[in-house]
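The values are calculated or read from the model by the stated rules, or taken from the named source; none is laboratory data. Small disclaimer: the values here were computed from a predicted structure and weren't measured. Positions of Cβ are generated from backbone atoms using ideal geometry, with glycine treated the same way; all protein chains shown enter the neighbour counts. Surface areas here come from the heavy atoms of the whole protein model, side chains and all, with no ligands, DNA or RNA. Shrake-Rupley method; radii C 1.70, N 1.55, O 1.52, S 1.80 Å.
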Amino acid sequence: MSAGESSGSVVRRILLGSQLRRLRESRGITREAAGYSIRASESKISRMELGRVSFKARDIEDLLTLYGVADEAERESLLGLAREANVAGWWHSYGDVLPGWFQTYIGLEGAASLIRIYEVQFVHGLLQTEAYAHAVVSRGMRGAPEAEIERRVALRLERQKVLVSERAPDFHAVLDEAALHRPYGSREVMRSQLRHLLEMSEHSNISLQVMPFSFGGHAGESGAFTMLRFPESDLSDIIFLEQLTSALYLDKAEDVQQYEKAMVRLRADSPGEGETRDLLHRLLQQS
């Protein structure tokens, strides 16, 4: 199974969930009534419609019958989507170290056609070297067994393959200059990380900019965020906000619009890619 196929299963789950919600609402059926028809709770219907659980063919068949979907072609199309949505992602093998709330993000990240990020605390995970990632994970998980730290680093390195895959997304990154000055690991680890950023910035699908200290206050004042866009026209952009023990996934048009404005402003106010490379070279010389 390719990474693209397993990541796509997350998107298909969300797409199927949204279609089930649309069908239910068009018939004026409550979540409670829908849940009763498949011997489940209202909350399970909610999770299904949000694409947060796997789907049983029997449940989908019963819901489609309840919603009045009699056309065999339409039924088979939705049941096929359910089968594809249940494909396990490559990251499931890291379930011992991967929080449940982050599994959805990895699937979405792997399926996105455009990833835009603003990062403050450290270099974004998709751009980290192995040594830098080890330092970040070790700092965040003091006292954890070395084996667990190594597993988490391996997961991060596996995620990075998306940027050089056959169907690699466009990746637009704005890093706050603070992320380049805050030391993680030794002096050489930081120097290697700066060199790696320079190398990655040369890839045609990667745009790297740094928001300098000298600019002062800027549009990223609310903190780090990620914006994901997908090739499927039925799926809206998703904003990912990571927290200490959970995450928020925002897809309401008004929320996405606000983050879109912030990202556009951040990119416009940050020096261009060439100037960013000049800044990275200067930091290397000074380190």
Handout entry: Computed lengthening from residue 61 to residue 150, 0.36 nm per intervening residue step minus Cα-Cα distance
Key = 27.7 nm
Handout entry: Partners for residue 44 among aspartates and glutamates (Cα-Cα distance below 17 Å; same-chain residues under 8 apart left out)
Key = 25, 32, 59, 61, 62
Exercise for the section: Identify the trypsin sites (Lys or Arg not before Pro) of region 74-158 meeting these criteria: DSSP loop state and at most 14 other C-beta atoms within 10 Å of the C-beta. Expected result: 142
Practice task
Name all residues of region 232-256 having a backbone nitrogen under 17 Å from the label point set 7 Å from the Cα of residue 87 along its Cα→Cβ direction, giving them as ranges.
Solution key: 232
Handout entry: DSSP-defined antiparallel bridges as percent of all bridges, the chain, nearest 5
Key = 50 percent
Handout entry: Karplus-derived 3J(HN,Hα), 6.51/-1.76/1.60, for each residue of region 273-282, Hz, glycine and proline x
Key = 5, x, 5, 5, 5, 4, 5, 4, 4, 5
Handout entry: Tail fraction, Cα-Cα pairs, region 175-273, threshold 22 Å, whole percent
Key = 44 percent
Problem - Calculated P(r) of region 1-129 - Cα pairs past 26 Å, % - result: 31 percent
Practice task
Using DSSP to define loop residues, name the GluC sites (Glu not before Pro) in region 148-185 whose beta-carbon has at most 16 other beta-carbon atoms within 10 Å.
Solution key: 166
Practice task
Sticking with the crude label model, points 7 Å out along Cα→Cβ, report the distance from residue 167 to residue 246 in nm, one decimal please.
Solution key: 3.2 nm
Completion exercise
Helix-only [θ] at 222 nm, the chain, -39500 (n - 2.57) per DSSP H run of 4+, per residue, nearest 500, equals -16500 deg cm²/dmol
Completion exercise
Of the candidates 149, 194, 67, the farthest towards the positive dipole end of the chain (Lys/Arg Cβ +1, Asp/Glu Cβ -1, centred on the Cα centre) is 149
Completion exercise
Any lysines whose Cα falls less than 16 Å from that of residue 252, other than same-chain ones fewer than 8 residues away, would be 261
Practice task
Note down the magnitude of the dipole of region 56-215 about its Cα centre, charges +1 on Lys and Arg C-beta and -1 on Asp and Glu C-beta and zero elsewhere, to the nearest 20 debye.
Solution key: 760 debye
Exercise for the section: Heavy atoms only, probe 1.4 Å: what % of the accessible area of region 97-166 goes to carbon and sulfur, would you let me know? Expected result: 52 percent
Problem - Å² of accessible area per residue within region 128-209, as computed with a 1.4 Å probe and no ligands counted - result: 48 Å²
Problem - Given charges at beta-carbon only (K, R positive; D, E negative), |dipole| of region 141-287 in Debye - result: 520 debye
Fill in the blank from the handout: When the charge dipole of region 177-234 is computed with +1 on Lys and Arg Cβ and -1 on Asp and Glu Cβ about the Cα centre, the Cα farthest towards its positive end, among 205, 223, 180, belongs to 180
Exercise for the section: Tabulate in residue order the Karplus-calculated ³J(HN,Hα) for region 156-161, using 6.51 cos²θ - 1.76 cosθ + 1.60 with θ = phi - 60°, rounded to whole Hz; enter x for Gly and Pro. Expected result: 5, 5, 5, 4, 5, 4
Handout entry: With every protein chain in place, region 28-87: carbon and sulfur % of accessible area (1.4 Å)
Key = 50 percent
Problem - Cα centroid separation - region 148-216 against region 258-287, whole Å - result: 13 Å
Practice task
Work out how much length residue 43 to residue 203 would gain on full extension: take 0.36 nm times their residue separation and subtract the Cα-Cα distance, in nm to one decimal.
Solution key: 53.2 nm
Practice task
Would you kindly work out the equivalent ellipsoid of region 63-184 from its C-alpha gyration tensor and give its semi-axes, the square roots of five times the eigenvalues, largest first in whole Å?
Solution key: 37, 18, 12
Fill in the blank from the handout: If one compares the long axis through the Cα atoms of helix 57-66 with the longest principal axis of the Cα atoms of the chain, the angle in degrees, nearest 10, works out at 60 degrees
